[in-house]
Structures are given as structure tokens and as C-alpha cells.
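Visitor: I have a structure here, written as C-alpha cells, and I will follow up with some questions on it.
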Amino acid sequence: MKSLQARQAPLADTAYQLTVLTQAEAVGAQLPAFAHRLRESGLLPLQPTKLGVMQINVGKMCNQVCKHCHVDAGPDRTEIMTRETMQLCLQALAQTDIPVVDLTGGAPEMNPDFRWLVEQISALGRQTIVRCNLTIIVANPKYHDLPEFFARHQVRVVSSLPHFSAGRTDAQRGDGVFGRSIRALQLLNAAGYGVEGSGLTLDLVYNPAGAFMPGSQVGLEREFKQRLGREHGIVFNNLLTITNLPVSRFLEYLLESGNYESYMQKLVAAYNPVAAANVMCRSTLSIGWDGQLYDCDFNQMLELPVASSVRHIRDFHEATLAGRAIVVNQHCYGCTAGAGSSCGGATT
Amino acid sequence: MSTYYNPADLAKFGNITEWQSEMGNKFFAYYAEVFKEGALTEREKALIALAVAHAVQCPYCIDAYTTDSLQKGADEAQMMEAVHVAAAIKGGAALVHGVQMMNKAKELSM
């Protein structure tokens, strides 16, 4: 499988994605505008709260090509953040008391300046989260020491594992991914990650492998712990359930499988005003590989920049950004359905 | 082509309260209580429901509890095993009546 961009697929064009999302009649669906639902909930315009997380997408390069990837990441993507842009991020970070920096990609570890960036964040006394796809650890000898590197800098590791069975994991992430992920989890455990009393946090992320919403985070966590522990001797801290948003390759899957309309209807029917009030974009600033600013990683992939006079990290000004209204569109139903969804899992 | 079963009718299940709200509401309150986590997990209950859906051959229920089982983290192997449990009980239920048949045949035979 290749990225949408490499295949020159129509959905590689974000304007076309937005057309699909906003012109519901194009697929026969009658879906209310998300902004209308927010207004009914008394949340429009959606405003930021105190900034708690700086999320930096350090590039679209990845060793995997997952069917649901909203980044359209893959080995054929070459966009990565330069050290100069990272320095701008660090300068902005130093001006604030934002406690957490969330590094994502692609596979963030494939950026040649990844380790340098983690060291600098650590030197500023902030916590680093790395969105590790697991298989990168065993992909190449130069990555084998990542668990020790993470441990040295007290990095919180958040790793995707769609299911505790090989079949459902490989269906979403590619053949053989489950086996390599298990090996990587065992290496992380050996470095102390997920082990009680170590202080090293290993969280797993559950994305449904298909056109359905995640079930109870508590129930799934118990099941994952039981099965991964019993069958592979793996321990971890928390399972974070994330709803797949109709963006990029997951949108392609929905359209091609004929599930788009029913999936959107499910999200709309499950709209939860409490989840809407707790969406992660209110306390997160998302930075693209080129330094552009977004309200979240999904808006970033749809090329919907922040509605502010400050649009690049070089111009970062916390107070100005705090006055913006968050940009919303139909994909936002994904974060507000059911128990809510965020990079930190369920929100209610 | 018209059919007795329309998948879109599944979403209208709640409408049965329109013609008998008291009984309908009591049924749905009971239904919600049954599927809450208790001595059994929600996933185990979804798999039981999936198996029963096959035993009673309810296409709406199969649709609903296939989705629900997936949402609750069940995988294909677990779901198919649940269907085999239903099949074993249905098959066994037919077969165990063979004892009655044998009894009757023996009673009537020389």
C-alpha cells in the first residue's frame, strides 16, 4: 500500500476531502453541520482554555502504511521538520509554562533530529510524549536502543496497538505488524516501561480496526491487559481509546467500503455535548512539520490553519492565540461522539 | 425489491414505544440494565447476545451485536466461536430429541 499522495488519489487533495465532508448530499447523507450542533450546546465559537500541550508533528515519514492513517504517512512521504523549525518550537516553549510536548508523525523517531529535540525539551524541564508506532524500534539496528533513550529522558511512550489479536492489528497496520509490535513492547518492558514502580509510562492506543466506534475504555483496557499479559507477558499502564476521524486514508476506507454515510450517521447520533466541551483542541496547540500552527493534528492534515494573526511558530504569541476561535468542520464529530476522543483517550 | 427485513428499520427499534409507551419504556429500561457490566463484562454479554441472535435468527440482532462485539473489542475468532456455541446448542437440541424418537420407535417395535 502507498500513501494517497504517492497514488495521486483524489483524496490527497485536502480541498477535495473537505468537499466530501461538507457536501453530504454527494454521498446521499443528511448530516447536520457540526457548528450548528456546537451552537445548540452553547459552545460556538469554540474557545481555547489554558494551553497544556504543545503537539509537534515532526514529519510524515513513517515505516508503516496503516489503512486508517489520517496523516497519510508512509515511507514515500519526505516532509520532515528541520532543526531550525524545532528551535523555533523550543523558543516558543521556553516563553510558556506548557508542561507537555507531544511528538507525533509519521514515525517521529525517523526524523534525524528527533533525539536532539527530546534532549532539548528535557533540558527545559518539560515532559515529552512520543507517539511511537512500536515497529520502528525493531525496524533497524539504529533504533534498537530507543527504549533506553526514552527511559533516560523519562519520555512517556504512547503506542498504537489496534488489537490484542494479530488478525485485527495486521488488517489495519499491515502484515506482520502485530508480531513486531509485540517484540517492541517486550523490549520496552525490559527497559522498565509499564512496570509498576519504574516511573516509566507506557500507554497503548486503541483505534477501532473498521467502521465502528470504540467501546468502553475501561472494559477494553482490562481485556487488553489480560490478553497481552497472558499470551505475551506484556504489561502497560493505560489503554487510550481513540475514534477514527473521517480524514485522509480512513476517509478513503469509509468511501471505498460503502461505510461513509452510516459511519457519519453513527458519529452524529452519538454527539455528546459534554465531550464537545472537553475536546483536546481547546488545550492543545498543534505545530506542523513546516512550523504552521493548527488547532489539532486532524485540522493540520486537512490544512485548516488556526484562525489567528499568528499562524507560524516563529510568530508565536500565547495571548494572541488564546483569543482565537477554534476551527471546526464535520470531522469534529469524531472527537465529540460517545465518551469523546482525544490523543489522551476518552474525554468523559 | 421489497423485503420483510429492512436494515434501516434497526434504527427505528426505539419507535415501538410510540404505540405502547409504558411497556415499551419498561422493556428498554430492562434491556439497558441487562447489558450493563455486572458479574459478566459488557464484552461477554455482547458475545452471548451475538450467539442468541443466531439461535433466534434475528437479522437485526446479528447486525447490532456484530457491531457491538467489535466495539467491545471482540475479534473474529471470538465472534465465530460464539456462533458455534449457538450452533452446537441448536444442533444438540435437535439431536437430543432423537432419544425421544428412539424411545418411541422401540415402544412401537417388536
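The values are calculated or read from the model by the stated rules, or taken from the named source; none is laboratory data. Here the structure is a predicted model, which is why all the values come from computation and not from measurement. Neighbour counts are summed over all protein chains in view; Cβ atoms, including those assigned to glycine, are modelled from backbone coordinates with ideal geometry. Just the protein is used for accessible areas: all its heavy atoms, side chains included, with ligands, DNA and RNA removed. Shrake-Rupley method; radii C 1.70, N 1.55, O 1.52, S 1.80 Å.
Visitor: If you check A:L185, A:L200, which single one turns out to be away from chain B (no Cβ under 12 Å), buried (at least 22 other Cβ atoms within 10 Å of the Cβ) and under 18 Å from A:C132 (Cα atoms)?
Guide: A:L185
Visitor: Taking B:A87, is it more than 30 Å from A:L161 (Cα to Cα) and surrounded by 11 or more Cβ atoms within 10 Å (Cβ to Cβ)?
Guide: yes
Visitor: How many residues does the stretch A:162-187 contain that are hydrophobic (A, V, I, L, M, F, W, C) and closer than 14 Å to A:G229 by Cα?
Guide: 3
Visitor: Name the single residue that is nearest to B:G91 (Cα to Cα) among those in the stretch B:51-65 being buried (at least 17 other Cβ atoms within 10 Å of the Cβ) and within 14 Å of chain A (Cβ to nearest Cβ).
Guide: Among those residues, the one meeting the criterion is B:Y65.
Visitor: Among A:A92, A:A73, which is touching a residue at least 60 places away in the same chain (Cβ under 8 Å), open to solvent by less than 20 Å² (accessible area, probe 1.4 Å) and closer than 16 Å to A:V177 by Cβ?
Guide: Among A:A92, A:A73, only A:A73 is touching a residue at least 60 places away in the same chain (Cβ under 8 Å), open to solvent by less than 20 Å² (accessible area, probe 1.4 Å) and closer than 16 Å to A:V177 by Cβ.
Visitor: Take the residues in the stretch A:215-247 that are farther than 17 Å from A:L187 by Cα and hydrophobic (A, V, I, L, M, F, W, C), then tell me which one is nearest to the other protein chains (Cβ to nearest Cβ).
Guide: The qualifying residue nearest to the other protein chains (Cβ to nearest Cβ) is A:L220.
Visitor: Among (1) open to solvent by 50 Å² or more (accessible area, probe 1.4 Å); (2) touching a residue at least 24 places away in the same chain (Cβ under 8 Å); (3) charged (D, E, K, R), where does A:D102 come up short?
Guide: Result: A:D102 passes all but (1).
Visitor: Here is a list: A:S248, A:S283, A:S262. Which entry is surrounded by fewer than 19 Cβ atoms within 10 Å (Cβ to Cβ) and closer than 23 Å to A:K67 by Cα? Full working, then the answer.
Guide: Details: A:S248 fails: surrounded by fewer than 19 Cβ atoms within 10 Å (Cβ to Cβ); A:S283 fails: closer than 23 Å to A:K67 by Cα.
Just one listed residue meets the conditions, A:S262.
Visitor: I've got another one for you. I'd like the full set of residues that are within 14 Å of chain B (Cβ to nearest Cβ) and polar (S, T, N, Q), limited to the stretch A:148-177.
Guide: Hits for the stretch A:148-177 are A:S165, A:T169, A:Q172.
Visitor: Determine which member of the set B:E37, B:E33 is closer than 27 Å to A:T241 by Cα, of a type in the set (D, E, K, R), away from chain A (no Cβ under 14 Å) and open to solvent by 40 Å² or more (accessible area, probe 1.4 Å).
Guide: None of the other options fit; the residue is B:E33.
Visitor: For the stretch B:1-75, give me every one of the helices (runs of 4 or more DSSP H) that falls completely inside it and has 2 or more residues that are farther than 19 Å from A:M213 by Cα. I'd like the intermediate steps shown before the answer.
Guide: On the way: elements: B:21-34, B:42-55, B:59-71.
Of the helices (runs of 4 or more DSSP H) lying wholly inside the stretch B:1-75, those with at least 2 residues that are farther than 19 Å from A:M213 by Cα span B:21-34, B:42-55.
Visitor: Restrict the check to the stretch A:228-242 and report whether at least one residue is hydroxyl-bearing (S, T, Y) and more than 25 Å from B:T67 (Cβ to Cβ).
Guide: Scanning the stretch A:228-242 turns up no residue that is hydroxyl-bearing (S, T, Y) and more than 25 Å from B:T67 (Cβ to Cβ).
Visitor: Tell me whether the stretch A:197-216 contains one or more residues that are free of Cβ contacts under 8 Å to residues at least 24 places away in the same chain and of a type in the set (D, E, K, R).
Guide: Scanning the stretch A:197-216 turns up no residue that is free of Cβ contacts under 8 Å to residues at least 24 places away in the same chain and of a type in the set (D, E, K, R).
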